[in-house]
């Protein structure tokens with residue numbers, strides 16, 4: 001267990017040093033300021049000795065003035081050094097945490113979607129905010145306190161020996177008694193700190209999940225149940241925090257009792273020596289000062305170590321995110337580049353795929369299919385047949401376990417995912433809109449598009465009219481996920497965004513499913529023009545929307561069971577004929 005925790009601490013130190021290293025000059029200046037302020041604080045003990053022995057005991061105004069002048073000079077130097085140390089250390093803390101957040105986000109945004117299926121996005125968000133805030137506190141404050149007080153302890157003990165070896169032996173004998181509880185309770189605090197961070201993340205995850213689906217929560221009157229569940233989560237976090245606080249409280253209490261108890265014994269021995277004339281009053285005053293410095297520094301260290309242990313847990317969690325690797329990457333060898341604009345020929349050769357979290361049954365089972373350039377191919381079949389999974393494979397959100405997918409004759413697994421995806425425009429079944437203006441959302445896939453091009457795409461998607469009716473037109477800010485727009489309006493914005501990209505291959509996943517009858521009619525009228533010159537794959541449950549596709553592929557349980565035109569499939573495919581009969585309310589001869 002000890003080796004495990006030592007390993008965690010080493011990982012935390014490596015992570016911290018990795019982000020501090022670019023600012024090593026500022027770190028060295030902060031360390032220099034820290035050393036100077038610690039030295040000045042320690043030198044004040046000698047100032048107190050001079051003040052007592054030469055100022056008070058001699059009853060000389062001149063010597064008193066000199067002693068007070070030296071003391072005030074030290075105070076001024078200490079103030080300047082403290083300002084420099086505080087500013088530099090706080091700056092380094094904020095700068096490093098900003099870098100950590102940026103690097104974690106930059107890493108996460110390129111991870112394959114499968115990673116987010118097995119890791120809750122709300123928990124990841126907690127790591128990116130709460131854990132990095134804790135690291136900022138440690139790097140920008142606690143670490144400085146730890147180093148400063150460690151120097152004060154070491155320097156104080158040296159000066160204690162210089163001032164009076166006899167009295168120092170009393171303090172030294174007390175050190176093992178102080179270190180023992182730090183080691184024993186520190187180990188428990190370290191474990192509880194990690195658990196506490198996990199429970200806090202659970203609280204944040206539950207809040208994000210519940211508030212993100214607030215309409216569903218209220219529609220089903222689920223508030224009372226959510227209150228109870230959240231209460232359980234909060235209490236679990238509190239209980240772990242209570243245990244951690246209890247351990248730290250015991251640690252601090254023992255340190256105070258042992259340290260100040262040793263100081264009390266030392267004062268009794270030192271007082272007897274002053275009475276006997278073996279030491280001066282100034283020496284005892286200096287010794288008391290150093291003893292208090294060492295004692296308070298030990299007390300602070302015991303508190304800071306708890307914070308450092310919490311930071312070790314936070315650093316470990318952040319390190320786990322940075323260590324997560326994407327399964328979908330550009331090949332290190334044999335990397336190919338696709339043409340500037342492909343013709344749009346797509347070929348699936350005996351493709352087999354199962355989701356890692358659901359290995360059986362396979363989502364795609366030995367499927368072979370070819371789509372010619374400029375062709376419109378509709379994918380139909382029951383829910384769960386594997387239609388949307390095909391889109392995931394085409395976009396390389398996942399790689400098939402068997403077979404391969406070719407784009408213009410090139411195996412897409414040999415292409416850089418970003419190079420591949422620029423040839424596709426996707427309109428998902430649930431349109432993804434982001435917080436920002438209407439114009440920002442349409443321009444999402446093509447940041448350099450002009451205002452005229454944005455409006456042209458919106459007109460083609462029959463979105464221009466309703467956009468102009470919004471309070472600020474194209475500059476109207478949308479809520480999260482397009483909150484405030486109807487399903488049809490969100491879908492038309494998503495279609496406009498896909499059109500603006502002007503990719504050679506268009507993927508429409510139930511693109512008209514959320515439209516009202518009038519909007520769907522407008523889109524259906526525009527689709528022939530929009531699909532012209534593009535390879536288009538359309539997923540549709542409503543067969544009326546795909547009757548005029550060049551070909552229709554019938555998918556069932558991950559297999560291609562039939563392919564042809566609407567008229568051909570009515571005759572040749574029992575499954576398609578049954579779907580058509582249910583939707584068109586006609587009697588079909590099977």
Query raised in the report: Within the bounds of the stretch 429-450, is there any residue that is surrounded by 16 or more Cβ atoms within 10 Å (Cβ to Cβ), modelled with pLDDT under 90 and over 29 Å from the mean Cα position of the chain (by Cα)?
Result: yes
Query raised in the report: So, in the stretch 292-307, of the ones that are modelled with pLDDT under 75 and either outside the structural domain of residue 249 (by TED's automatic domain parsing) or crowded, with 22+ Cβ neighbours inside 10 Å (or both), which residue ends up farthest from residue 123 (Cα to Cα)?
Result: 295
Query raised in the report: Scanning for something outside any loop (DSSP other than H, G, I, E, B), modelled with pLDDT under 90 and out of contact with any helix residue (DSSP H, G or I) (no Cβ under 7 Å at 6 or more places or on another chain), does the stretch 549-567 turn up at least one residue?
Result: yes
Query raised in the report: Which of (1) at pLDDT 80 or above; (2) in contact with a strand residue (DSSP E or B) (Cβ under 9 Å, 6 or more places away or on another chain); (3) assigned to a loop (DSSP other than H, G, I, E, B) is the odd one out, the single condition residue 325 does not satisfy?
Result: (2)
Report task. Working only within the stretch 116-146, note down all residues that are closer than 14 Å to residue 320 by Cβ and out of contact with any helix residue (DSSP H, G or I) (no Cβ under 8 Å at 6 or more places or on another chain). Result -> 118, 119
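Within the stretch 498-512, is even one residue modelled with pLDDT under 70 and in a loop (DSSP other than H, G, I, E, B)? Quick ask: steps written out before the conclusion?
To start, the set of residues in the stretch 498-512 that are modelled with pLDDT under 70 comprises 511-512.
Those still in the list that are in a loop (DSSP other than H, G, I, E, B) too: 511-512.
Within the stretch 498-512, one or more residues are modelled with pLDDT under 70 and in a loop (DSSP other than H, G, I, E, B).
How many residues are out of contact with any helix residue (DSSP H, G or I) (no Cβ under 9 Å at 6 or more places or on another chain) and at positive phi when one looks only at the stretch 340-375? It would help to see each step written out before you state the result.
Step one: filter the stretch 340-375 for residues out of contact with any helix residue (DSSP H, G or I) (no Cβ under 9 Å at 6 or more places or on another chain), giving 340-345, 347, 349-350, 352, 354, 358-362, 365-366, 368, 370-373, 375.
Those still in the list that are at positive phi too: 344, 350, 366.
Qualifying residue count, the stretch 340-375: 3.
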Requested in this report: Hey, can you tell me all the residues within the stretch 412-442 that are more than 15 Å from residue 491 (Cα to Cα) and touching a helix residue (DSSP H, G or I) at 6+ places or on another chain (Cβ under 6 Å)?
Outcome: 412, 420, 435, 437
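With within 30 Å of residue 141 (Cβ to Cβ) and modelled with pLDDT of 75 or more as the only criterion, which of 314, 276, 262, 330 stands out? Write out each step before concluding.
Working: 276 fails: within 30 Å of residue 141 (Cβ to Cβ); 262 fails: modelled with pLDDT of 75 or more; 330 fails: within 30 Å of residue 141 (Cβ to Cβ).
Residue meeting the stated conditions: 314.
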Query raised in the report: Regarding residue 267, is this residue on the phi < 0 side of the Ramachandran plot, modelled with pLDDT under 75 and more than 45 Å from the chain's Cα centre (by Cα)?
Result: yes
Query raised in the report: So which of 217, 189 ends up being buried (at least 16 other Cβ atoms within 10 Å of the Cβ) and at pLDDT 70 or above?
Result: 217
Query raised in the report: Given 399, 365, 392, which one is in contact (Cβ under 8 Å) with a residue 60 or more places away in the chain, part of a strand (DSSP E or B) and farther than 20 Å from residue 543 by Cα?
Result: 365
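Among the residues of the stretch 240-259 satisfying the criterion of being over 39 Å from the mean Cα position of the chain (by Cα) and surrounded by 16 or more Cβ atoms within 10 Å (Cβ to Cβ), which is farthest from residue 297 (Cα to Cα)? Please lay out each step first, then the result.
Let us first name the residues in the stretch 240-259 that are over 39 Å from the mean Cα position of the chain (by Cα), namely 257-259.
Those still in the list that are surrounded by 16 or more Cβ atoms within 10 Å (Cβ to Cβ) too: 258-259.
Numbers: 258: 13, 259: 10 Å.
If we take residues in the stretch 240-259 being over 39 Å from the mean Cα position of the chain (by Cα) and surrounded by 16 or more Cβ atoms within 10 Å (Cβ to Cβ), then 258 is farthest from residue 297 (Cα to Cα).
For the stretch 452-474, give me the residue count where each residue is assigned to a helix (DSSP H, G or I) and within 14 Å of residue 499 (Cα to Cα).
As a first pass, look at the stretch 452-474 and keep what is assigned to a helix (DSSP H, G or I): 452-460, 464-468, 473-474.
Filter once more, so that each one left must be within 14 Å of residue 499 (Cα to Cα): 452-460, 464.
Qualifying residue count, the stretch 452-474: 10.
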Query raised in the report: Would a scan of the stretch 121-138 turn up a residue that is within 28 Å of residue 38 (Cβ to Cβ) and modelled with pLDDT of 80 or more?
Result: no
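Hey, could you check the stretch 19-35 for residues that are without any contact (Cβ under 8 Å) to a residue 60 or more places away in the chain, touching a helix residue (DSSP H, G or I) at 6+ places or on another chain (Cβ under 9 Å) and more than 18 Å from residue 149 (Cβ to Cβ) and say which is surrounded by the fewest Cβ atoms within 10 Å (Cβ to Cβ)?
First, the residues of the stretch 19-35 that are without any contact (Cβ under 8 Å) to a residue 60 or more places away in the chain: 21, 24-25, 28-29, 32-33.
Among the residues that remain, those that are also touching a helix residue (DSSP H, G or I) at 6+ places or on another chain (Cβ under 9 Å) are: 21, 29, 32-33.
Add one more test, that the residue is more than 18 Å from residue 149 (Cβ to Cβ), and what stays is 21, 29.
On the way: 21: 10, 29: 17.
Only one residue tops the list, namely 21.
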Report summary line: How many residues of the stretch 218-262 are touching a helix residue (DSSP H, G or I) at 6+ places or on another chain (Cβ under 7 Å) and more than 21 Å from residue 203 (Cα to Cα)? The answer is 12
Query raised in the report: Is at least one residue of the stretch 77-100 assigned to a helix (DSSP H, G or I), surrounded by fewer than 17 Cβ atoms within 10 Å (Cβ to Cβ), in contact (Cβ under 8 Å) with a residue 60 or more places away in the chain and outside the structural domain of residue 417 (by TED's automatic domain parsing)?
Result: yes
Query raised in the report: Quick one: is residue 406 closer than 26 Å to residue 109 by Cα, part of a helix (DSSP H, G or I) and in contact with a helix residue (DSSP H, G or I) (Cβ under 8 Å, 6 or more places away or on another chain)?
Result: no
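Taking the options 367, 406, name whichever one is under 17 Å from residue 505 (Cβ atoms) and in contact with a strand residue (DSSP E or B) (Cβ under 9 Å, 6 or more places away or on another chain).
Details: 367 fails: under 17 Å from residue 505 (Cβ atoms).
Selected residue: 406, the only one of 367, 406 that is under 17 Å from residue 505 (Cβ atoms) and in contact with a strand residue (DSSP E or B) (Cβ under 9 Å, 6 or more places away or on another chain).
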Requested in this report: Considering only the stretch 52-103, state which residues are at pLDDT below 75 and farther than 16 Å from residue 282 by Cβ.
Outcome: 61, 62, 65
Report task. May I ask you to list the residues in the stretch 364-423 that are surrounded by fewer than 16 Cβ atoms within 10 Å (Cβ to Cβ), closer than 17 Å to residue 343 by Cβ and within 28 Å of the chain's Cα centre (by Cα)? Result -> 419
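Can you tell me which residue in the stretch 465-484 is nearest to the chain's Cα centre (by Cα), limited to those that are surrounded by fewer than 19 Cβ atoms within 10 Å (Cβ to Cβ) and closer than 25 Å to residue 517 by Cβ? Show your work before the answer.
Pass one, the stretch 465-484, residues surrounded by fewer than 19 Cβ atoms within 10 Å (Cβ to Cβ): 465-466, 468-473, 475-477, 479-481, 483-484.
Still in the running and closer than 25 Å to residue 517 by Cβ: 465-466, 468-470, 481, 483-484.
Details: 465: 39, 466: 37, 468: 37, 469: 38, 470: 34, 481: 20, 483: 24, 484: 28 Å.
Result: 481.
Being in contact with a strand residue (DSSP E or B) (Cβ under 6 Å, 6 or more places away or on another chain), in contact (Cβ under 8 Å) with a residue 24 or more places away in the chain and under 13 Å from residue 507 (Cβ atoms) is the requirement here; does residue 425 meet it?
yes
Being modelled with pLDDT under 70, part of a helix (DSSP H, G or I), out of contact with any helix residue (DSSP H, G or I) (no Cβ under 9 Å at 6 or more places or on another chain) and surrounded by fewer than 17 Cβ atoms within 10 Å (Cβ to Cβ): is that true of residue 175 here?
Values: modelled with pLDDT under 70: yes; part of a helix (DSSP H, G or I): yes; out of contact with any helix residue (DSSP H, G or I) (no Cβ under 9 Å at 6 or more places or on another chain): no; surrounded by fewer than 17 Cβ atoms within 10 Å (Cβ to Cβ): yes.
Spelling it out, it is not the case that residue 175 is modelled with pLDDT under 70, part of a helix (DSSP H, G or I), out of contact with any helix residue (DSSP H, G or I) (no Cβ under 9 Å at 6 or more places or on another chain) and surrounded by fewer than 17 Cβ atoms within 10 Å (Cβ to Cβ).
Have a look at 128, 154 and point out the one that is surrounded by fewer than 16 Cβ atoms within 10 Å (Cβ to Cβ) and in a helix (DSSP H, G or I). Please lay out each step first, then the result.
On the way: 128 fails: surrounded by fewer than 16 Cβ atoms within 10 Å (Cβ to Cβ).
Exactly one of 128, 154 is surrounded by fewer than 16 Cβ atoms within 10 Å (Cβ to Cβ) and in a helix (DSSP H, G or I), namely 154.
The values are calculated or read from the model by the stated rules, or taken from the named source; none is laboratory data. Remember, it's a predicted structure, so these values are computed and weren't measured experimentally. Note that each Cβ is placed from the backbone with ideal geometry, even for glycine, and that neighbours are counted across all protein chains shown.
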